[in-house]
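This report refers to the structure that appears directly beneath it.
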């Protein structure tokens, strides 16, 4: 049995999809990062980095339990455990690993920052035009790379692999990071193709509050999630209130 420490996010969805693809038995351990569950001492023993996702495989190597964190490491572990979702050919296998690492080193961080400065930060009084431009351009860059890669193939390394599972959940959030997927037809076709797989359609109970589902957070929750305070707003559209002049 595998414990999946889960909260609604693209990174956690990768692991859920992989477990569904592989048919491995698992139980969901809801970890509400807006409430600070990721900082619980028990959870930090599973993931010292204090983020989601993480897993505990109670039937790990040699029958011993093993705790794993970081989505790429978990995907590689599950692929190795089952002998699936990585090509058998060594050249193609390492190609898939390269693209999986590309996702966690480039696509995920870039799109995560683009989403933050395009969506979350303005809703909470932080409008940083430089950051919006910087990470908006980075989002376009990684989409262009994926578009070129998928121009002549159905999946990133030809056959469906952990590389696709790693990248797919992020492309489903294009609007949030300022991307129109219609501008990337090969990525859209690839994303639509994956979305038809049973693993992509499988649902888990969303245990977030209605406010959290609509990205409305208390100041404490915002600090838990982003490490900074929201700014007060003075209008219904969330425009930042005027800040007092600095006394320094």
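Worth a mention:
- Of the set (1) loosely packed, with under 12 Cβ neighbours inside 10 Å; (2) in contact with a strand residue (DSSP E or B) (Cβ under 7 Å, 6 or more places away or on another chain), all apply to residue 227 but (2).
- Of the helices (runs of 4 or more DSSP H) lying entirely inside the range 73-152, the ones with 3 or more residues being touching a strand residue (DSSP E or B) at 6+ places or on another chain (Cβ under 7 Å) are found at 90-102.
- Residue match in the range 39-50 (condition: crowded, with 18+ Cβ neighbours inside 10 Å and either without any contact (Cβ under 8 Å) to a residue 24 or more places away in the chain or farther than 25 Å from residue 227 by Cα (or both)): no
- Flag for residue 69 being touching a strand residue (DSSP E or B) at 6+ places or on another chain (Cβ under 8 Å), under 24 Å from residue 109 (Cβ atoms) and surrounded by fewer than 20 Cβ atoms within 10 Å (Cβ to Cβ): yes
- Scanning the range 170-180 for residues that are assigned to a helix (DSSP H, G or I) and surrounded by 13 or more Cβ atoms within 10 Å (Cβ to Cβ), we see that the one that is modelled with the highest pLDDT is 170.
- Out of 32, 59, one residue alone is surrounded by fewer than 19 Cβ atoms within 10 Å (Cβ to Cβ), outside the structural domain of residue 177 (by TED's automatic domain parsing), outside any helix (DSSP H, G or I) and at pLDDT below 95. It is 32.
- Residue identified as loosely packed, with under 11 Cβ neighbours inside 10 Å and at pLDDT 95 or above among 183, 196, 205: 196
- Hits in the range 3-23 (condition: in contact with a helix residue (DSSP H, G or I) (Cβ under 7 Å, 6 or more places away or on another chain) and surrounded by fewer than 20 Cβ atoms within 10 Å (Cβ to Cβ)): 20, 22
- A single entry from 44, 85, 78, 68 fulfils the requirement of being modelled with pLDDT of 95 or more and over 21 Å from residue 17 (Cα atoms): 44.
The values are calculated or read from the model by the stated rules, or taken from the named source; none is laboratory data. These numbers come from a predicted model, not from an experiment. Note that each Cβ is placed from the backbone with ideal geometry, even for glycine, and that neighbours are counted across all protein chains shown.
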